[in-house]
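Structure first, commentary second.
The values are calculated or read from the model by the stated rules, or taken from the named source; none is laboratory data. Every value quoted in this text rests on a predicted model; they were computed, and no experiment measured them. With ideal geometry, Cβ positions are generated from the backbone for all residues, glycine too; neighbour counts draw on all protein chains shown.
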Amino acid sequence: MENFQYQDNQLCAEEVPLTQIAEQFGTPCFVYSKAGLVQQYSAYSQALSGCEHLVCYAVKANSNLAVLSVLARLGCGFDIVSGGELARVIAAGGDPTKVIFSGVGKTLNEMDAALDAGIHCFNIESAQELQQLNQLAMDRNQRASISIRVNPDVDAGTHPYISTGLKENKFGISMQDARELYRQSADMEGLEIIGVDCHIGSQLTSTAPFLAALERTLMLIDDLAADGIAIRHLDIGGGLGVIYRDENPPEPEELISQVRATLGDRPLKLILEPGRSICANAGILLTRVINIKANGGKNFAIVDAAMNDIIRPALYQAWMDVVPVESENSVEARTYDVVGPICESGDFIARDRDLAIATGDLLAVRSAGAYCFAMSSNYNTRNRAAELLVDGGEIHLARRRESFQDQIALETPLP
Ligand code: LLP
């Protein structure tokens, strides 16, 4: 968050005042800090120094090509969940040999494209997927490198929609089944076993669930060694939480040092799949107040961003910080619901916030670098927002604002 600070009462992205960005590019728009991305990636890579590792940024969190290219240039790998994400990584100059392919439903076409690209590893989520990949690789006279995603049945203590490591979730394979499946894979000609993978959820704010999952995964790795199956890498997934309000998540360094201590002297390469913790606090959503109104004893600030731009509050009851871009204001503070123009009462960005604002003012929604633009839509035929990447005093237009023509380009009315 330190990349978005007030200078002379003006909120800035690195050295650029957000008012300047609003004038130049309009609102709503997402503004990302390159330094913020670099700092977070470096926090991971430094904590992992001296240990064989690969940080695979989870592309789903923010898949803008500019963001991916910043990370690619730092040597970052990528965790993908679709053929589209693989194509984005390649378009951004990412190294396909540092790509791992997660996801519970990979199509044959997607697996084929990943084999073409020569990705590092497939994270297998079911017995059927294992068979399909084996067949595909044999047809291509290739061996596909795999790890099995285990489901350790650990409660990540996070929102139920983003918790993935409980046995009733659709993700992964139970420890017992995984051991059997590894034994079967060892005899499959199209496959090469290289790792074990585990991802238990997102926005985790303590290390305890990570370590609980890790201990179970290490037991499996030891059992597999007894079966004569040598595991080369351990992928502990992503999920490290960030500060939106008053959370107190561990830093990457704290998590990684505890993980390294738990590994002991096992010669395992460590793979991580962080998404949110790389980019959430490297971005804000910039929006302007269109109208102010009072209804039923409540004050509403209606802004030009909406749930189509930022669905996290509506979908996960997420609390996102909203701050005025100009901190000195003569207007009286009131308690507002900050809402968008969309025709749903679920279209809110923040509720019951004390803000000194007037029509025309700019607001910044903090921590909007992850899972905001990436989850945006055209609902209500709204053009998706522009995205800017700031580097020091420079502004790079990472994605121009959509136009109505862009929106209807794929549609055809009846003749
Ligand atoms: N690896 C796998 C297999 C995943 O499913 C995810 C996220 C990650 C890595 C990255 O997790 P992260 O480090 O970003 O927590 N839209 C939700 C979050 C969904 C997370 C889905 N999987 C939100 O806005 O809170």
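Among the residues of this structure, Asp116 does not count as one that is surrounded by 21 or more Cβ atoms within 10 Å (Cβ to Cβ) and modelled with pLDDT of 95 or more.
Restricted to helices (runs of 4 or more DSSP H) entirely inside segment 10-96, those with at least 3 residues that are buried (at least 18 other Cβ atoms within 10 Å of the Cβ) and within 14 Å of the ligand (Cβ to nearest atom) are 34-47. Across segment 183-198, the qualifying residues are those that are in a loop (DSSP other than H, G, I, E, B) and in contact with a helix residue (DSSP H, G or I) (Cβ under 9 Å, 6 or more places away or on another chain), and the one among them that is farthest from the ligand (Cβ to nearest atom) is Glu189. Of all residues in segment 348-375, those being part of a loop (DSSP other than H, G, I, E, B) and surrounded by fewer than 20 Cβ atoms within 10 Å (Cβ to Cβ) number 5. Residue pairs whose Cβ atoms lie under 6 Å apart, sitting 6 or more positions apart in sequence or on different chains, and linking a residue in segment 48-69 that is free of Cβ contacts under 8 Å to residues at least 24 places away in the same chain to a partner that is surrounded by fewer than 24 Cβ atoms within 10 Å (Cβ to Cβ), do not occur here. When Ala306, Ala314 are checked against the criterion of being touching a Gly at 6+ places or on another chain (Cβ under 6 Å), assigned to a helix (DSSP H, G or I), in the same structural domain as Ala370 (by TED's automatic domain parsing) and modelled with pLDDT of 95 or more, Ala314 stands alone in meeting it.
For segment 257-303, which residues satisfy the criterion of being among the hydrophobic types (A, V, I, L, M, F, W, C), touching a residue at least 40 places away in the same chain (Cβ under 8 Å), more than 16 Å from the ligand (Cβ to nearest atom) and in a strand (DSSP E or B)?
Leu286, Val289, Ile290, Ile292, Ala301, Val303
Taking the conditions (1) of a type outside the set (Asp, Glu); (2) over 23 Å from Ala58 (Cα atoms); (3) surrounded by 17 or more Cβ atoms within 10 Å (Cβ to Cβ) in turn, Thr217 satisfies each one other than (2). Would you be able to say whether some residue in segment 129-139 is among the small types (Gly, Ala, Ser), buried (at least 17 other Cβ atoms within 10 Å of the Cβ) and either modelled with pLDDT under 95 or more than 22 Å from Ile221 (Cα to Cα) (or both)? Yes, that holds for at least one residue. Among residues of segment 154-169 being closer than 29 Å to Gly228 by Cα and touching a residue at least 40 places away in the same chain (Cβ under 8 Å), the one that is nearest to the chain's Cα centre (by Cα) is Gly165.
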